[in-house]
Structures are given as structure tokens and as C-alpha cells.
Amino acid sequence: LAEQLFDDDTLIEKHKKYLDQLQWGKKLGKKTNFSKAKACKIHKGVLDKDGKPANTPHFYFVDDGLLGEIFTACRNRILRAIAASIEAIFLLLGESDLEKRQDPISWDKLLEMVVNYCNIMLGHHVNTRKMIVSTPREYLAQTLSMLEHWHKGRKTFTIPDIEPLIGKLGHMAQTIPWLKHLMGHLYTSLTSALSNSKKYLIHSSKHFRDLLKLIKHEPGSAEDHMISTFAQGETARRVHKSKRQYSLLKTAKEELQIIKTALLDPKINKYTPIAHLIKRTPDGSAA
């Protein structure tokens, strides 16, 4: 819908009060070097079949609208794309009217974000000039701070200790390709701990066993389904919140030290090209 509304020239004026509050990056429009993207059958570029600029596509992840556009001196295409996005949301969810309902658009999030060639999108730092995606510095610093507690002498862990760390490392591994190959024994340690936690609860808690029976029971009504869903959530919570201590594998400790050393080394890349993250037509194939 937003892509089709891009052609409506009246929307910029209609939503002017919002567009005038946008913040713009200071380096936009200045001469610089760009990394060129290579077109393929899947990604053919920003021009349509007639060689004219195509309408801006919009992508949504849950409640976040994502779009990219080429900056021009008059900013017209970016303004049209954002105005089209606002109009599409208003058409689907209703226009802003706080006296009757919650606002369909989080204006704070929109107006606080700087329109720029690089931005943090879905927890990753996207640079459209270098065509790379990396981990934000603040996120990397938080992860390194957590790793300080996983020193060489540490022998045990609890599930609530290791899950946040693995979660952060897993998120970073989406844009640091080598990292995912250094986490195998961490995942093994967590998997083993979760299995043992569940076994312990089965043998030590009648209430836990009763909850498992509710999950296995075939729900016959909406109420039964709600009870089963509650039981699933409650059993998962008890397993994951266990305070029992588990042994940290020697290989997992070695992994943590390697990860920490690599993340601290400025010579080791902590980004990946956008071309490596998206689906593309392969240059070749192996028989």
C-alpha cells in the first residue's frame, strides 16, 4: 500500500507537520566514496523496467517499518516515501486521535531517529555507503562486560547466567560470521543444563509433573487450550529459572576465552557485507 501511495504528490503537504520534525544527518549529500552493489536476477537495482526510479518498497518487522531511499538535494524521494508510509498506516489503523484511541504511530521513535546513511536497524548498525552491517559499539561493550564474569577459573554456571550471554553472542553472530563457529560448546553446555533441570524438576516436584500432564492432555475446549498454554509457559519458566549449578565444559571455557580475545582485537573484522546476508543469484554452483 505504501509503495503505491508513493505516487501521490499531495501526501508531503498533508503530513508536513510530521515531516518538518525529521532530523537529517549532517554528512548527507556530501561527496564521498561508495561501495557499489552488484545487481543480480533477484536484486535488480532501484530502477524499473523503463529505466526510471521505482517506487520505494517498504518492509515491516513486527511494528517497525524499514525503508531505504537515495538522498537528493531536495530530499523529495525520502519525504515522499515517509509520507506514503504514514498515510498507509492511517488508512489501515485510523488517523491520529488520542481522545479515542492509542496513536497508531510511535512518533517519538520516528522523530528521534536521524535520517542518515548509517543507522541502527533491528539492533544492527547498517552502513549503506560501505554496504556492511555490524554490531553497535554499545552492544559490543555490554557483551564484553558480561564476558568479564566468565574468567578462566570459573567452573560452574546457572541457566539464568549463561542464557543472556549466549543470547547476546547469538545476536552478534548474525553480523560477525566467524562468531557462530565458536559457540558450539556453549550451546552444548546450555542444552545439557536445560535437560538436567527438567529431569530434576520431574523427580522433585509433583506440581511440575502435574503441569506436564496438562500439556500432554488433548485440549477439548477453549478453556482447556488456555490451561495447556499456561502449563507450557509455567514449565518452561521453571526450567529456565533454575538456580542449580552446572559444570562448565572445559571446551566451553576455551571458547569463551577465544571469543573474548577476538572481540577485543581491533584487527579482526566485526562486520559482514550486506551481500552475504541477503538471498542472491549465485555466481556459480558445484556439481
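The values are calculated or read from the model by the stated rules, or taken from the named source; none is laboratory data. The structure presented is a predicted model; accordingly, all values stated were derived computationally and were not measured. Cβ placement follows ideal geometry from the backbone for every residue including glycine, while neighbour counts extend to all protein chains displayed. The area values use the complete protein model at the heavy-atom level, side chains included, leaving out ligands, DNA and RNA. Shrake-Rupley method; radii C 1.70, N 1.55, O 1.52, S 1.80 Å.
With every protein chain present, what is the per residue accessible area of the chain (1.4 Å probe, Å²)?
On the way: 19210 Å² over 287 residues.
Solvent-accessible surface per residue comes out at 67 Å².
Mean sequence separation of contacting Cα pairs (under 8 Å, at least six apart), scaled by the length of the chain, corresponds to a relative contact order of 21 percent. Our coupling estimate for region 107-116, obtained by passing each phi through the Karplus curve with A = 6.51, B = -1.76, C = 1.60 and θ = phi - 60°, is 5, 4, 5, 5, 7, 7, 6, 7, 5, 8 Hz, Gly and Pro reported as x.
Would you kindly state how much longer the chain becomes between Tyr271 and Asn76 on full extension, computed as 0.36 nm times their sequence separation minus their alpha carbon distance, in nm to one decimal?
Value of the extension gain: 67.1 nm.
Between Asp63 and Ser106, residue separation times 0.36 nm minus the direct Cα-Cα distance comes to 14.5 nm. For the pair Asp210 and Asp9, the difference between a 0.36 nm per residue extended length and the Cα-Cα distance amounts to 66.1 nm. In the structure shown, the pairs Lys30/Lys130; Lys155/Lys260; Lys36/Lys168 are assessed against 19 Å; a Cα-Cα span above that value is assigned to Lys36/Lys168. Between region 137-182 and region 1-76, the C-alpha centres lie 36 angstrom from each other. Heavy-atom accessible area for Ile227, with the other protein chains in place and a 1.4 Å probe, reaches approximately 70 Å². Note on surface exposure: Glu112, Glu255 rank Glu112, Glu255 by accessible area, highest first, 1.4 Å probe.
Once you sort the root eigenvalues of the Cα gyration tensor of region 135-287 as a ≥ b ≥ c, which label holds: rounded (a/c under 1.5), prolate (a/b larger than b/c) or oblate (the other case)? Mind showing how you got there, number by number?
Working: a/c = 2.61, a/b = 1.52, b/c = 1.72.
The shape class here is oblate.
Could you work out how far apart the two model spin labels at Asp50 and Met131 are, taking each label as a point 7 Å from the Cα in the direction of the beta carbon, and quote it in nm? About 2.8 nm separates the two model spin labels.
Would you mind getting me the FRET efficiency between Leu93 and Arg238? Use the beta-carbon distance for r and R0 = 45 Å, nearest 0.05. Before the final figure, lay out the partial values.
Working: r = 38 Å, r/R0 = 0.85.
Approximately 0.75, to the nearest 0.05.
Here region 1-74 exposes an accessible surface that is 54 percent carbon and sulfur, computed with a 1.4 Å probe and the other protein chains kept in place.
Using R0 = 30 Å, the C-beta based FRET efficiency linking His217 and Gln245 works out to 0.35.
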